[in-house]
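Enquirer: The structure that follows is given in the form of structure tokens.
The values are calculated or read from the model by the stated rules, or taken from the named source; none is laboratory data. Remember, predicted model here, so these are calculated numbers, not experimental data. No Cβ is skipped: glycine too gets one built from the backbone with ideal geometry, and neighbour counts run over all protein chains shown. When the accessible area is computed, the model is the full protein with side chains, heavy atoms only, and any ligands, DNA or RNA have been set aside. Shrake-Rupley method; radii C 1.70, N 1.55, O 1.52, S 1.80 Å.
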Amino acid sequence: MSKNVIFIINIVHNDRSRNQGYDWSIKSWQKYADKYGHTLFVLDQTLFDLEYMKPQWYKIYILDLLEANQIDYDQVLYVDADTIIHPHAPDIFEHTEHKFCAIRNYGDMDWVLRSMENYSKYLFQGFQFPFYKYFNSGVMVFNRKHVSFFKSMQEFYHTHRDAISQMQTTFGVGNDQPVLNYFVNRDIPEDYKVLNYEWNMQDMTRLEVLTEDFLHTRYGYISHYNAGVKPTPGYWIEKTYKHLYV
């Protein structure tokens, strides 16, 4: 019987990635995988030269990597390495309807709208979609139906890699996340399900839930330490893990 897979990218290649507390995140996800009988896969090796492709783009190769490693699977949960899963979280795979699932992006709307505007104009021939369907790519669920979808994204990256890099330099926009959003909303909108905020609690400082009384652990399931949390993501990842699991 095929198992569901939880996939984390943990490429340690500089001081920043070395000191982010990702080991604590992986420990929490291993406990979650064990609880529900899932398989945890941690990618810790580069696939391409880092100047050519940054590790966050490796998401579009996840299904290929599972196939290459002869890992049978039903559904795949991708999570960023700066997340902690709550020990009482239900099994996310029971909430997907076997669709591509993600959670709306919360946070800097100027950055989101700037990304949408410029990617639409320069790389997606003016295609647009409602801003409230724009998701954060740090938590996503997909399955075998999406193999050809990710193949198309791979081809897009290799064809437009220089243009994507120029977009970031010129406009200060997102990297893989806007491209994922345009592909999902353009190519598989009928297969896209939005999960609630508790499955990807982002920008917690701005929303005033990331506090020393661990308010964030009383609200949702996946805490995501993005958007420049202070003093560092590693500080909060370790403290949250120990608060919940030790």
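Enquirer: Anything in the range 29-59 that is open to solvent by 30 Å² or more (accessible area, probe 1.4 Å) and touching a helix residue (DSSP H, G or I) at 6+ places or on another chain (Cβ under 9 Å)? List them, or say none.
Expert: If the condition is that a residue be open to solvent by 30 Å² or more (accessible area, probe 1.4 Å) and touching a helix residue (DSSP H, G or I) at 6+ places or on another chain (Cβ under 9 Å), then 31, 36, 39, 40, 41, 42, 46, 47, 48, 52, 54, 56 are the ones that fit.
Enquirer: Pick from the range 200-222 the residues that are touching a His at 6+ places or on another chain (Cβ under 9 Å) and not in a loop (DSSP other than H, G, I, E, B): which of them is surrounded by the fewest Cβ atoms within 10 Å (Cβ to Cβ)?
Expert: So, considering only residues that are touching a His at 6+ places or on another chain (Cβ under 9 Å) and not in a loop (DSSP other than H, G, I, E, B), the one surrounded by the fewest Cβ atoms within 10 Å (Cβ to Cβ) is 217.
Enquirer: If you don't mind, another one. Among the residues that make up the range 15-25, is at least one of them under 23 Å from residue 76 (Cβ atoms), at pLDDT 95 or above and part of a loop (DSSP other than H, G, I, E, B)?
Expert: Scanning the range 15-25 turns up no residue that is under 23 Å from residue 76 (Cβ atoms), at pLDDT 95 or above and part of a loop (DSSP other than H, G, I, E, B).
Enquirer: Moving to a separate point now. How many of the residues making up the range 134-148 are free of Cβ contacts under 8 Å to residues at least 60 places away in the same chain and either of a type in the set (A, V, I, L, M, F, W, C) or on the phi > 0 side of the Ramachandran plot (or both)?
Expert: 1
Enquirer: I've got another one for you. Between a first residue in the range 60-83 that is open to solvent by 50 Å² or more (accessible area, probe 1.4 Å) and a second residue that is at pLDDT 95 or above, which pairs have beta carbons less than 6 Å apart while being 6 or more apart in sequence or on different chains?
Expert: Between residues of the range 60-83 that are open to solvent by 50 Å² or more (accessible area, probe 1.4 Å) and residues that are at pLDDT 95 or above, the close pairs are 74/4.
Enquirer: Among the residues of the range 223-235, which ones are in contact (Cβ under 8 Å) with a residue 60 or more places away in the chain and crowded, with 17+ Cβ neighbours inside 10 Å?
Expert: Across the range 223-235, the qualifying residues are 223, 224, 225, 226, 227, 233, 234.
Enquirer: Could you run through the range 236-246 and say how many residues are open to solvent by 60 Å² or more (accessible area, probe 1.4 Å) and either modelled with pLDDT of 95 or more or more than 22 Å from residue 31 (Cβ to Cβ) (or both)?
Expert: Counting residues in the range 236-246 that are open to solvent by 60 Å² or more (accessible area, probe 1.4 Å) and either modelled with pLDDT of 95 or more or more than 22 Å from residue 31 (Cβ to Cβ) (or both) gives 4.
Enquirer: Considering only the range 123-170, state which residues are in contact with a Leu (Cβ under 8 Å, 6 or more places away or on another chain), open to solvent by 50 Å² or more (accessible area, probe 1.4 Å), modelled with pLDDT of 95 or more and not aliphatic (A, V, I, L, M).
Expert: Correct list: 144, 160.
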